[in-house]
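Comments concern the structure below.
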Amino acid sequence: AEARQLFNAEEIARLKLEALAGRDADARVSALRKLVYAPVSDQERGGICLRALLDSSGPVRAEAIRAIEQLGFNRDTADAMQALFSGDPRAREAALRRIGDLMGTLAAGERRIVLAVLVAAFRESAPRDANDPLLRLWQGLAPTLAGESKAAPELARVCVQHLLAEPRRLGPAMRELLDALASATPEPVLRKLWDEIDTVTDAFARML
């Protein structure tokens, strides 16, 4: 009740905008700290923190991790997600291995946020080949995505984007991942795949 008195709808909207598009890192950090106390759902707060994890500023990402911990994440998961966006390739690869080890232990809400982070990281990545650590992690996770009606089709869309960007180098690996996704979650993945295929004009990419 006190939070609702302190944070009206206009103030909450302003804080959301400031957290994701503030003029500088300090403003974004301040907005994230205030949103922890705002009367919004854990799902909405988690979504904002999730997008803040992709911020170019280290302090903003660290604040997002702290906020996510307050939503119930254990420290290991939060630290691994933060290291996922590290500029150090070895730290990033270790974080991916750790996330893979932890996935089976996560509660449903925690798991959905981690999957969304991994999809976002995959979208922003430039896989070097079939042995790329993030691609290998997704190949291992794909068979377990049954029932993930949001993460699986969105991952399929990202696969198609990577395939179109470099069909000869990445095509076979992306096709393998798409096959695994469609086996685990057929209907939403296939619907998304056909939607994407309708936009493809390059004959070689379309064949893949």
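Do the conditions hold for V29, that is, is it of a type in the set (V, I, T), modelled with pLDDT under 85 and either more than 16 Å from V117 (Cα to Cα) or surrounded by 12 or more Cβ atoms within 10 Å (Cβ to Cβ) (or both)? So V29 fails the test. Just so you know, in segment 54-87 the residues that are in contact with a helix residue (DSSP H, G or I) (Cβ under 6 Å, 6 or more places away or on another chain), under 17 Å from L115 (Cβ atoms) and among the polar types (S, T, N, Q) include one that is surrounded by the fewest Cβ atoms within 10 Å (Cβ to Cβ), and it is Q82. For segment 1-38, filtering for residues that are more than 14 Å from C49 (Cβ to Cβ) and of a type in the set (V, I, T) leaves 1.
Suppose the filter is over 21 Å from R123 (Cβ atoms) and assigned to a helix (DSSP H, G or I); does E18 pass it? Here the answer is yes, as E18 does meet what is asked. If only residues of segment 128-153 that are open to solvent by 50 Å² or more (accessible area, probe 1.4 Å) and either of a type in the set (V, I, T) or within 15 Å of the chain's Cα centre (by Cα) (or both) are counted, the one that is farthest from L96 (Cα to Cα) is S149.
Applying the condition of being out of contact with any helix residue (DSSP H, G or I) (no Cβ under 6 Å at 6 or more places or on another chain) and in a helix (DSSP H, G or I) to segment 141-151 and asking which residue is farthest from A116 (Cα to Cα) yields T144.
When each of R111, R123, R90, R51 is tested for being open to solvent by 60 Å² or more (accessible area, probe 1.4 Å), of a type outside the set (S, T, N, Q), without any contact (Cβ under 8 Å) to a residue 12 or more places away in the chain and out of contact with any Pro (no Cβ under 9 Å at 6 or more places or on another chain), the lone residue that passes is R90.
Residue by residue, here is whether (1) under 27 Å from F204 (Cα atoms); (2) in contact with a strand residue (DSSP E or B) (Cβ under 6 Å, 6 or more places away or on another chain); (3) in a helix (DSSP H, G or I); (4) open to solvent by less than 30 Å² (accessible area, probe 1.4 Å) holds:
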{"residue": "R97", "(1), (2), (3), (4)": "no, no, yes, no"}
{"residue": "M103", "(1), (2), (3), (4)": "no, no, yes, yes"}
{"residue": "L118", "(1), (2), (3), (4)": "no, no, yes, yes"}
{"residue": "L155", "(1), (2), (3), (4)": "yes, no, yes, yes"}
{"residue": "L164", "(1), (2), (3), (4)": "yes, no, yes, no"}
{"residue": "E176", "(1), (2), (3), (4)": "yes, no, yes, no"}
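Selection of segment 178-208 for residues being within 18 Å of L137 (Cα to Cα) and assigned to a helix (DSSP H, G or I) yields L178, D179, A180, L181, A182, S183, A184.
The values are calculated or read from the model by the stated rules, or taken from the named source; none is laboratory data. Everything numeric in this text was worked out from a predicted model, so none of it was measured. Please note: Cβ atoms are built from the backbone with ideal geometry, for glycine as well, and neighbour counts cover all protein chains shown. Just so you know, the surface numbers come from the protein's heavy atoms only, side chains and all, with ligands and any DNA or RNA stripped out. Shrake-Rupley method; radii C 1.70, N 1.55, O 1.52, S 1.80 Å.
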